[in-house]
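Laboratory data are not the source of any read-out in this text; all were calculated from the coordinates shown. None of the values given here were measured: they were computed from a predicted structure. With ideal geometry, Cβ positions are generated from the backbone for all residues, glycine too; neighbour counts draw on all protein chains shown.
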Amino acid sequence: MKTKVLMVCLGNICRSPLAEGILKCIVNPEDVFVDSAGTGGYHIGQSPDPRSIDVAKSKGIDISNQICRKFNTRDFDRFDVIYAMDKENYNSIINLASNLTQQNKVRLLLSETDRSDHEVPDPYYGGEDGFEKVFQIIEAACKHKAKLL
Ligand code: 4NP
């Protein structure tokens, strides 16, 4: 049985598309299915932010075909692990859970890293360099998580 992993941020156009693309590059697709979603519905149906597409492309990862969607409660049944990019999104997802089994699927992507705040910073309102930094943070976390899947 494949392990199914969902990456979640707010918009599903900056951080979680990168997390989806990066983890997909690390794992065997026969063993692990990876998807992403946003807790907010501002960009449904859109491609990832061009700055995320560009930074991924610069590392040889193509995320341009991803389409933004909103997290919904069916995702609790469809996925084994749900990684939130920051505490705000973690709390938004936990608030939608209807039992302990669903709550236990939700984790912070950076829970085991030594970043003191355990948050992937939101790069949306910043410059290009924010996306490079976010790529590196997510890549390090995904390499670590992939070993546990
Ligand atoms: P993301 O970044 O959560 O990493 O996709 C954001 C994208 C869009 C917005 C906020 C954060 N927005 O408010 O539209």
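Details
- Percent of Cα pairs in the stretch 18-106 per distance bin of 5 Å, from zero to the largest separation: 3, 13, 22, 22, 21, 13, 5, 1, 0.
- Calculated [θ] (222 nm, deg cm²/dmol) that DSSP helices of n ≥ 4 give over the chain, each run adding -39,500 (n - 2.57): -12000 deg cm²/dmol
- Mean-position separation - Cα centroids, the stretch 114-149 and the stretch 35-80, in angstrom: 15
- Loop-located chymotrypsin sites (Phe, Trp or Tyr not before Pro) in the stretch 41-149 (DSSP state other than H, G, I, E, B) with a sparse environment of at most 14 neighbouring Cβ atoms within 10 Å: TYR42, TYR125.
- Taking Cα atoms only, the orientation of helix 15-26 departs from the longest principal axis of the chain by about 90 degrees.
- Cut-off of 10 Å, at most 15 other beta carbons, DSSP loop: longest stretch of the chain lacking such trypsin sites (Lys or Arg not before Pro): 3-58
- Each principal axis of the chain carries a Cα extent, and these read 40, 33, 31 Å when sorted largest first.
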